[in-house]
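Just so it is clear, none of the values below were taken in a lab; they were calculated from the coordinates. Computed from a prediction, not measured in an experiment: that's the story for all the values here. Every residue, glycine among them, receives a Cβ derived from its backbone with ideal geometry; neighbour counts consider all protein chains shown.
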Amino acid sequence: MVLRPEPLIRAITDATDDEGGLVLVASARGRVLCQDWIKELASQPHLVIVCGRYKDIDERVLRWADGEFSVGNLVVSGGEGPGVILLDAIARLLPGALGDQDSARDDSFEGGLLGHPSYTKPREYLGLSVPGVLVSGDHRAIANWRRRQALLYTLRQRPDLLARKGLGSGEMKLLRESLKEEKNRGRPDKGP
């Protein structure tokens with residue numbers, strides 16, 4: 001089943017009549033969302049997201065759209081899920097959306113790396129402990145540990161990001177030191 005053009009084009013026209021706006025269609029063929037694009041979209045004053053259902057939407061609807069977006073190399077039954085993902089990614093960048101807007105600086109993809117691991121209470125659970133450096137009170141050591149962990153996670157999970165980012169000499173040194181330390185103590189079965 002392909003969604004007909006009339007109701008979708010009417011809805012787009014109604015949504016953009018007064019304010020205009022950027023119109024994006026959720027589609028497996030679309031540009032894959034990334035944090036940099038999300039930042040661009042967050043600056044848009046008016047965004048209209050078209051979510052199809054079933055097989056597809058009539059191709060003629062795309063003449064009223066500015067582009068298509070995708071959440072990855074996969075197919076889902078409708079555009080609602082990808083639409084919600086897009087909305088959530090944008091909303092968290094808006095002022096006041098996060099309790100501490102500065103916390104977003106440590107998110108994955110900021111600075112071209114994945115985020116560092118996070119821990120909370122209790123300090124020990126099922127024999128697994130919070131790394132000592134995180135409870136040391138030494139903010140410089142904590143920042144260094146987090147940077148090292150972000151580099152290690154990115155190397156293991158998304159080496160493509162490291163290749164794109166191009167590590168500086170300081171980051172290369174941190175990564176080499178981290179890998180050497182890990183090798184010397186033996187990498188655990190679970191974790192980064």
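When you count, for each residue, the other Cβ atoms within 10 Å and take the mean per peptide, how do 75-87, 149-161, 166-178 rank with the highest first?
Answer by packing, highest mean first, reads 149-161, 75-87, 166-178.
Among 127-134, 9-16, 20-27, 93-100, how do they line up from the highest to the lowest mean number of other beta-carbon atoms within 10 Å?
20-27, 9-16, 127-134, 93-100
Wrap a convex hull around the Cα atoms of segment 102-185, take a quarter of its surface area, and give that in square nanometres.
6.4 nm²
What percent do you get for the relative contact order of the chain when only Cα pairs under 8 Å and 6+ apart count?
Relative contact order of the chain: 18 percent.
Name the aspartates and glutamates eligible as straight-distance cross-link partners of LYS39: C-alpha to C-alpha under 20 Å, and not fewer than 8 places from it in the same chain.
Straight-distance partners of LYS39: ASP66, GLU68, ASP88, ASP100, ASP102, ASP106, ASP107, GLU110.
Which ³J(HN,Hα) values, rounded to whole Hz and listed in residue order, are derived for segment 119-124 from phi using the Karplus coefficients 6.51, -1.76 and 1.60 in 6.51 cos²θ - 1.76 cosθ + 1.60 with θ = phi - 60°, glycine and proline given as x?
9, 8, 6, x, 5, 9
Just for the chain, what percent of DSSP beta bridges are antiparallel, to the closest 5?
Approximately 20 percent, going by the DSSP bridge assignments.
Just to be sure I understand: if I project the alpha-carbon convex hull of segment 44-182 onto a plane and average over all orientations, what area do I get in nm²?
The number I arrive at for segment 44-182 is 12.7 nm².
Run down the lysines and flag those whose C-alpha is under 30 Å from the C-alpha of LYS121, throwing out any fewer than 8 positions away in its chain.
LYS180, LYS183, LYS190
Pop the C-beta distance of ALA28 and ASP106 into the FRET formula with R0 = 41 Å and round what comes out to the nearest 0.05.
Efficiency computed from Cβ-Cβ geometry: 0.85.
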